[in-house]
Amino acid sequence: MKILVAVKRVIDYNVQVRVKDDGSGVVTENVKMSTNPPDDNAIEEAVKIKESGKAKEIVAITVGEEKAQETVRKALAVGADRGIHVKVGGAIEPLAVSKILKKIVDKEKPDLVFMGKQAIDDDCNQTGQMLSALLNWPQATFASKIEIKDRKLEVIREIDEGLETIEINTPAIVTCDLRLNEPRYASLPNIMKAKKKPIEQLNASDLGVDVSPKIQQLKVEEPPKRKAGIKVSSVAELVQKLKNEAKVI
Amino acid sequence: MSVLLIAEHNNKELKAFTLNAVTAASQIDSDVHALVIGNNCAEVAQAASELPLVKKVLTVEAAYYANFIAENFAPVVTKLAGNYTHIVCSANTFGKNLMPRIAAKLDTSQVSDIIKVVSADTFVRPIYAGNAFATVKSTDEKKCVTIRPTSFDPCDSSGGSAPIESADAGEEFSLTKFVKREEIKSDRPELGTARIVISGGRGMQNGDNFKLITAIADKLNAAIGASRAAVDAGYISNDHQVGQTGKVVVPDLYIAVGISGAIQHLAGMKESKIIVAINKDGEAPIFSVADYGLEADLFEALPQFLEELNKLNTIQK
Ligand SMILES: Cc1cc2nc3c(=O)[nH]c(=O)nc-3n(C[C@H](O)[C@H](O)[C@H](O)COP(=O)(O)OP(=O)(O)OC[C@H]3O[C@@H](n4cnc5c(N)ncnc54)[C@H](O)[C@@H]3O)c2cc1C
Ligand SMILES: Cc1cc2nc3c(=O)[nH]c(=O)nc-3n(C[C@H](O)[C@H](O)[C@H](O)COP(=O)(O)OP(=O)(O)OC[C@H]3O[C@@H](n4cnc5c(N)ncnc54)[C@H](O)[C@@H]3O)c2cc1C
């Protein structure tokens with residue numbers, strides 16, 4: 001079995017994001033960037049499946065600017081075998097990313113594509129579902145447990161009401177929740193080894209995909225600030241305030 | 001212009017958030033049609049037809065629609081899409097799973113999780129866990145939009161009498177099979193719509209201690225929430241998680257107990273009307289969004305809280 005894993009470079013989840021004064025976006029200069037957290041779970045799951053003998057090859061792919069390669073390098077350091085970097089400058093929408101990924105899937109013919117359930121920068125939660133629509137493959141979104149059964153997968157999905165179990169035939173798309181597994185850290189020797197693993201570079205234009213945006217970002221603003229609250233000194237005072245001042249109980 | 005609103009339901013009843021989605025849909029254009037896809041779901045279609053803002057109800061029924069598999073639903077919607085300028089549904093796990101599949105088939109860039117309709121093509125949506133609000137304009141001819149239900153009021157649920165028409169079912173997608181759903185049933189109000197929410201975090205130390213929270217929730221008729229850390233540690237099930245990767249709640253009162261206030265948690269609750277934080281660390285970031293902060297050990301504060309509530313005789317339900 002062959003697994004393709006999509007990894008995205010985003011602003012690190014610990015960074016307090018700041019909106020630019022001119023409203024054109026958020027500050028990304030000199031800001032720490034990392035792999036989108038659930039994409040680490042996607043890689044981890046692929047590596048575990050390979051370690052169990054059920055997969056032969058893991059290919060990590062990213063779509064993005066020059067530096068997006070770092071996320072592929074990191075995936076190689078935790079166990080992916082080779083990488084693909086599709087270069088595009090500037091912002092790219094989930095639909096365009098999914099079209100690019102489809103071209104790569106057509107060429108690589110993986111049995112499974114693992115991705116994160118949402119990217120923590122734009123919170124779109126679209127790319128995996130779009131890719132599976134374009135391929136007409138089954139989709140198992142928000143996965144918190146995956147079991148491989150021959151040519152099928154049994155997946156537990158996290159839904160608003162609780163948990164849902166579905167069974168899907170491969171080839172298929174799985175989008176991963178943070179609870180799927182505990183991503184490992186790359187060891188120093190593996191980081192060194194990863195430097196020798198190949199990363200194929202392509203341009204979006206070579207793939208014949210139109211990446212021009214269809215959504216214009218008109219402005220980006222800070223959300224309204226909450227007015228500062230107060231500290232209360234006792235539970236009795238808290239209950240009095242909730243009842244008589246806020247009038248919510 | 002007309003808007004196709006995909007109703008969310010359980011084959012018996014409309015889900016509450018469908019009413020919020022209808023409100024958002026009607027702000028895009030007044031010609032709102034509700035689409036009910038399911039199995040033996042005539043009651044749902046009836047309920048949808050009674051929403052005064054809905055002008056027409058379309059129903060599509062087949063046994064393989066009973067479990068809301070996106071692979072089965074998407075072709076039904078794309079077939080009907082020709083008659084509509086906008087396709088709208090709630091940005092909860094149902095809509096998040098389904099809408100991108102429709103958008104990709106229609107070659108449209110979806111606008112996710114909007115909190116405001118500026119005009120028929122321009123919307124406001126939160127990005128970076130709600131740390132920024134982006135105003136975006138869709139240039140696609142057909143627009144696929146998911147809406148954040150808690151940012152719109154529910155529409156009236158009675159008084160309407162829209163015509164109900166049935167539409168053709170699509171083919172079954174045989175590569176995806178529903179196995180089972182484990183729904184956590186409770187008599188408590190739903191997290192997403194509750195007037196009061198009390199949430200516990202890692203500070204609760206274990207699942208058993210959540211009974212301190214349960215007792216207060218019972219008293220206040222509140223829903224119970226949790227931080228991701230509490231869910232990850234197994235104190236409580238995933239359907240309680242509030243935050244960027246959980247549910248977004250906007251109650252009148254949100255009480256955060258033993259929760260530090262990471263931005264990913266704040267993303268799910270900071271629009272609440274009144275926020276209370278109970279935390280023993282006076283520097284915890286949760287205090288920066290709290291209207292009332294109590295710096296105290298929760299194991300002392302929660303029993304006292306219950307006692308004080310018991311003293312009040314007029315708890316409104
Ligand atoms: C400041 C700012 C300005 C922007 N301006 C514009 C603009 O002017 N025009 C415009 O069209 N868009 C703009 N965008 C939107 C943005 O570039 C895309 O919408 C976004 O990158 C894709 O959405 P997502 O990552 O949230 O997708 P999701 O669907 O949430 O991602 C889910 C998963 O898909 C995979 N994935 C997603 N993207 C990639 C990738 N590139 N490579 C590999 N795997 C991937 C990952 O596995 C990821 O976990 C802007 C965004 C920001 C923050
Ligand atoms: C991509 C991503 C997505 C995420 N999504 C979410 C999400 O949707 N929701 C979410 O909640 N988190 C989310 N997180 C996790 C988030 O970053 C935090 O780790 C998490 O919210 C912390 O939970 P906590 O506040 O319960 O635990 P902690 O941060 O450990 O805080 C525990 C608090 O309890 C207090 N405490 C301890 N003992 C007591 C006591 N006896 N009395 C009073 N106070 C006490 C402590 O002072 C501390 O402030 C996400 C993280 C990532 C990377």
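Could you identify the single residue in B:282, B:261 that is more than 10 Å from chain A (Cβ to nearest Cβ), closer than 28 Å to residue A:16 by Cα and out of contact with any Cys (no Cβ under 7 Å at 6 or more places or on another chain)?
Details: B:282 fails: more than 10 Å from chain A (Cβ to nearest Cβ).
Going through B:282, B:261 in turn, just one is more than 10 Å from chain A (Cβ to nearest Cβ), closer than 28 Å to residue A:16 by Cα and out of contact with any Cys (no Cβ under 7 Å at 6 or more places or on another chain): B:261.
For the structure I just gave you, tell me whether residue A:247 is in a loop (DSSP other than H, G, I, E, B) and either in contact with a helix residue (DSSP H, G or I) (Cβ under 7 Å, 6 or more places away or on another chain) or of a type in the set (D, E, K, R) (or both).
yes
Restricting the search to the range A:170-188, which residues are of a type in the set (A, V, I, L, M, F, W, C) and more than 7 Å from every other protein chain (Cβ to nearest Cβ)?
A:172, A:173, A:174, A:176, A:180, A:186, A:188
Report the residue count in the range A:24-73 for those that are in a loop (DSSP other than H, G, I, E, B), closer than 17 Å to residue A:181 by Cα and more than 12 Å from ligand 1 (Cβ to nearest atom).
Here the count works out to 1.
Specify which of the listed residues (A:93, A:108) is surrounded by fewer than 24 Cβ atoms within 10 Å (Cβ to Cβ), of a type in the set (D, E, K, R) and either more than 19 Å from residue A:42 (Cα to Cα) or touching a helix residue (DSSP H, G or I) at 6+ places or on another chain (Cβ under 9 Å) (or both).
Going through A:93, A:108 in turn, the sole match is A:93.
What is the residue count in the range B:251-267 for residues that are at pLDDT 95 or above, in a loop (DSSP other than H, G, I, E, B) and more than 6 Å from ligand 2 (Cβ to nearest atom)?
Of the residues in that region, 3 qualify.
Check A:31, A:78 and return the single one that is in contact with an Asp or Glu (Cβ under 8 Å, 6 or more places away or on another chain) and more than 14 Å from chain B (Cβ to nearest Cβ).
One residue alone meets the criteria, A:78.
If only one of B:53, B:35 is surrounded by 23 or more Cβ atoms within 10 Å (Cβ to Cβ) and in contact (Cβ under 8 Å) with a residue 24 or more places away in the chain, which one is it?
Unique residue meeting the criteria: B:35.
Write out, first by first residue and then by second, each pair whose Cβ atoms fall under 6 Å of each other, whose residues are 6+ apart or on separate chains, and whose first residue, in the range B:295-311, is modelled with pLDDT of 95 or more while the second is of a type in the set (A, V, I, L, M, F, W, C) and within 9 Å of ligand 2 (Cβ to nearest atom).
Between residues of the range B:295-311 that are modelled with pLDDT of 95 or more and residues that are of a type in the set (A, V, I, L, M, F, W, C) and within 9 Å of ligand 2 (Cβ to nearest atom), the close pairs are B:298/B:257; B:298/B:278; B:301/B:278.
Taking residue A:67 as meeting all but one of (1) farther than 17 Å from residue A:120 by Cα; (2) crowded, with 22+ Cβ neighbours inside 10 Å; (3) not hydroxyl-bearing (Ser, Thr, Tyr), write down the number of the exception.
Only one criterion in (1) farther than 17 Å from residue A:120 by Cα; (2) crowded, with 22+ Cβ neighbours inside 10 Å; (3) not hydroxyl-bearing (Ser, Thr, Tyr) is unmet by residue A:67, namely (2).
Answer yes if at least one residue in the range B:116-126 is over 24 Å from the mean Cα position of the chain (by Cα), among the basic types (Lys, Arg) and either at pLDDT 95 or above or within 16 Å of ligand 2 (Cβ to nearest atom) (or both), and no otherwise.
no
Out of the range B:150-193, which residues are touching a residue at least 24 places away in the same chain (Cβ under 8 Å), away from chain A (no Cβ under 14 Å) and within 30 Å of residue B:235 (Cα to Cα)?
The answer is B:189, and nothing else.
Out of B:275, B:286, report the one residue that is over 16 Å from the mean Cα position of the chain (by Cα), more than 11 Å from ligand 2 (Cβ to nearest atom) and either closer than 29 Å to residue A:117 by Cβ or not in a loop (DSSP other than H, G, I, E, B) (or both).
The match here is B:275.
To keep it simple, each residue is scored yes or no on (1) more than 23 Å from residue B:182 (Cα to Cα); (2) within 16 Å of ligand 1 (Cβ to nearest atom); (3) in the same structural domain as residue B:154 (by TED's automatic domain parsing).
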residue: B:226; (1), (2), (3): no, no, no
residue: B:237; (1), (2), (3): no, no, no
residue: B:253; (1), (2), (3): yes, no, no
residue: B:257; (1), (2), (3): yes, no, no
residue: B:267; (1), (2), (3): yes, yes, no
residue: B:276; (1), (2), (3): yes, no, no
residue: B:306; (1), (2), (3): yes, no, no
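Quick check: is even one residue across the range B:16-24 under 19 Å from the mean Cα position of the chain (by Cα) and surrounded by fewer than 18 Cβ atoms within 10 Å (Cβ to Cβ)?
Yes, the range B:16-24 has at least one match.
If you check B:295, B:300, which single one turns out to be more than 8 Å from chain A (Cβ to nearest Cβ), of a type in the set (Asp, Glu) and away from ligand 1 (no atom under 16 Å from the Cβ)?
B:300
Can you find, within the range B:194-220, the residue that is modelled with the lowest pLDDT among those that are more than 10 Å from chain A (Cβ to nearest Cβ) and in contact with a Pro (Cβ under 8 Å, 6 or more places away or on another chain)?
B:194
Considering only the range A:208-225, state which residues are away from ligand 1 (no atom under 13 Å from the Cβ) and farther than 20 Å from residue A:23 by Cα.
Going residue by residue through the range A:208-225, those that are away from ligand 1 (no atom under 13 Å from the Cβ) are A:208, A:222-225.
A:208 - this is the single residue of the range A:208-225 that is away from ligand 1 (no atom under 13 Å from the Cβ) and farther than 20 Å from residue A:23 by Cα.
How many residues are touching a residue at least 40 places away in the same chain (Cβ under 8 Å) and buried (at least 21 other Cβ atoms within 10 Å of the Cβ) if we restrict to the range B:74-83?
Going through the range B:74-83, the residues touching a residue at least 40 places away in the same chain (Cβ under 8 Å) turn out to be B:75-77, B:79-81, B:83.
Add one more test, that the residue is buried (at least 21 other Cβ atoms within 10 Å of the Cβ), and what stays is B:76-77.
So the answer is 2.
Check B:53, B:98 and return the single one that is within 9 Å of chain A (Cβ to nearest Cβ) and touching a helix residue (DSSP H, G or I) at 6+ places or on another chain (Cβ under 6 Å). Break it down into steps so the answer makes sense when it comes.
Details: B:53 fails: within 9 Å of chain A (Cβ to nearest Cβ).
After ruling out the rest, the residue left standing is B:98.
Can you tell me which residues in the range B:38-50 are in contact with a Lys or Arg (Cβ under 8 Å, 6 or more places away or on another chain), surrounded by 17 or more Cβ atoms within 10 Å (Cβ to Cβ) and not in a loop (DSSP other than H, G, I, E, B)?
B:44
Can you find a residue in the range B:130-145 that is part of a strand (DSSP E or B) and charged (D, E, K, R)?
yes
Surrounded by fewer than 17 Cβ atoms within 10 Å (Cβ to Cβ), facing chain B (nearest Cβ under 7 Å) and away from ligand 2 (no atom under 16 Å from the Cβ): does that describe residue A:167?
On the way: surrounded by fewer than 17 Cβ atoms within 10 Å (Cβ to Cβ): no; facing chain B (nearest Cβ under 7 Å): yes; away from ligand 2 (no atom under 16 Å from the Cβ): yes.
So residue A:167 fails the test.
When residue B:95 is evaluated against the numbered criteria (1) farther than 26 Å from residue B:247 by Cβ; (2) not in a strand (DSSP E or B), which criterion, by number, is the only one it fails?
All conditions are met except number (1).
Filter the range A:99-138 down to residues that are at the interface with chain B (Cβ under 10 Å from one of its Cβ atoms), touching a strand residue (DSSP E or B) at 6+ places or on another chain (Cβ under 7 Å) and away from ligand 1 (no atom under 12 Å from the Cβ), then give me how many there are.
Result for the range A:99-138: 2.
The values are calculated or read from the model by the stated rules, or taken from the named source; none is laboratory data. Remember, predicted model here, so these are calculated numbers, not experimental data. For neighbour counting, all protein chains shown are included, and Cβ atoms are generated from backbone atoms with ideal geometry for every residue, glycine included.
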